[in-house]
Amino acid sequence: MSRPHEQFHARIRSDTAEVPRIRKTFETFLTSQGFDSRCVEEIGLVLNEALANIIRHAYLDHRDQPIEIEAWCDPTGLHLMLRDWGIGVVPRIKDECEKDPHVPGGVGLPCMKKLTDSLEFIPQPDGMLLKLFRLRNR
């Protein structure tokens, strides 16, 4: 059982070289909060995909922009928020059947949706806030 409202906070640059380090740090946080290894791997993948999408789509591959990551755990699960100051476009999440298997890309958002219990894009005056939630026991 996790301690109520244990928090994780990080601010990184929009550089793909930052992603493996922050993912590992976040997965360590999840493990310390009592999440099993399968959940840790799945949420690590969700974070990885979210960061990759922010870097590629919100910041158009500019490597020096800020991304804030906040998370907290409570008895029900994990709350995760990612904030960027990019172009602020809400993406359309395609169904798996809409994906052309011969065209690369387009699988990150459906994967994130499948591995979380709630996924919400909230436009900000100067970017985007992505709110995710994952139940502790799925």
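In cubic angstrom, how much convex hull volume per residue do the alpha carbon atoms of the chain span? Each step should come with its number before you reach the end.
Working: hull volume 14.9 nm³, N = 138.
Dividing the Cα hull volume of the chain by its residues yields 108 Å³.
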### Query
Using a Gaussian network for the chain with springs between C-alpha atoms less than 10 Å apart, which of these wobbles most: Glu18, Glu27, Glu42?
Glu18
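What is the local net charge at Thr16, summed over the other residues whose Cβ is closer than 12 Å to its Cβ (Lys, Arg +1; Asp, Glu -1)?
Numbers: positive: Arg13, Arg21, Arg23, Arg56, Arg63; negative: Asp15, Glu18, Asp61.
Local charge sum for Thr16: +2.
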### Task
Determine the calculated [θ] at 222 nm for the chain from helices alone, applying -39500 (n - 2.57) to every DSSP H run no shorter than 4 residues and normalising by the residue count; nearest 500 deg cm²/dmol.
-9000 deg cm²/dmol
### Message
Please give me, ordered by residue number, the trypsin sites (Lys or Arg not before Pro) of segment 1-82 that lie in loop per DSSP and have at most 13 other Cβ atoms within 10 Å.
### Response
Arg63
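None of the figures in this text is laboratory data; all of them are computed from the coordinates on show. All figures in this text were calculated on a predicted structure; none of them were measured in a lab. All Cβ positions, even for glycine, are placed from backbone atoms using ideal geometry, and neighbour counts span all protein chains on display.
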